[in-house]
Amino acid sequence: MAQKPKAELMSAKKEANPNEELVELCRKMRLMSERDTDATLPQVLRVMMVHSRGQPVGGSELSELSGINRITIIHHMKRLEGAGFVRREEGKYVLRVRSAEDMILEFRKEMERNFAEMDEMAREFDEQFASMSREFDEQFKRRRRLP
């Protein structure tokens, strides 16, 4: 299979829509709920990354900048806060990451912590199930010996 010329690959990258890519990134990170059919969370995130630049910004200001209803903004801010990307400061929101790359690094750290916890849980479950299985086998053997 022939490789595409470098110029062709670069032009394909330029044609990629950054808005669509941000939506895809948010979906892959499970930041968007199924109810977000208009992909408003990525729009809010983009406004935060472009306009706030680490400075506190209120829900009303985000609504004005994005054209999205303030209640929707607050809903998304809570989701982003829960994911660790936004923090509240004196009634305003501050983006905890400076770039999409930082966002991915934070997401990766959180996933690694989650996987470590799940590994420990799985080990505990396996030990409990093995113990239960041994007890079941012993009870079964005792019942078979009874007349």
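Any read-out appearing in this document is the output of simple, stated calculations on the displayed coordinates, not a laboratory observation. Given the structure is predicted, the values throughout are model-derived calculations rather than measurements. All Cβ positions, even for glycine, are placed from backbone atoms using ideal geometry, and neighbour counts span all protein chains on display.
Key figures
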read-out	value
Estimated FRET transfer efficiency (LYS78, ALA130; beta-carbon r; R0 35 Å; 0.05)	0.25
Spacing of the two label points (7 Å from each Cα toward its C-beta) at ASN114 and ARG88, in nm	2.3
Per-residue [θ]222 nm for the chain (sum of -39500 (n - 2.57) over DSSP H runs n ≥ 4, rounded to 500)	-21500 deg cm²/dmol
Calculated FRET efficiency for the pair GLU24/ILE71, C-beta based, R₀ 30 Å, to 0.05	0.75
Net charge of Cβ neighbours under 14 Å - reference GLU112; Lys, Arg +1; Asp, Glu -1	-2
Contour excess over end-to-end distance, with Cα ends at ARG98 and ARG145 and 0.36 nm allotted per residue	9.9 nm
Longest to shortest principal axis, alpha-carbon extents of the chain, angstrom	81, 57, 26
Loop-located GluC sites (Glu not before Pro) in the stretch 77-136 whose Cβ has at most 14 other Cβ within 10 Å (DSSP)	GLU90
Rg and Dmax [Cα atoms of the stretch 99-147; Å; Rg one decimal, Dmax integer]	21.2, 74
Label zone at SER33, where the point sits 7 Å out along the Cα-to-Cβ direction: the stretch 72-98 residues whose backbone N lies under 20 Å	72-88, 93
Close Lys-Lys pairs in the chain, where close means Cα under 25 Å and separation is 8 or more or interchain	9
Farthest toward positive dipole pole in the chain [+1 Lys/Arg, -1 Asp/Glu at C-beta], among SER99, HIS76, PHE129	PHE129
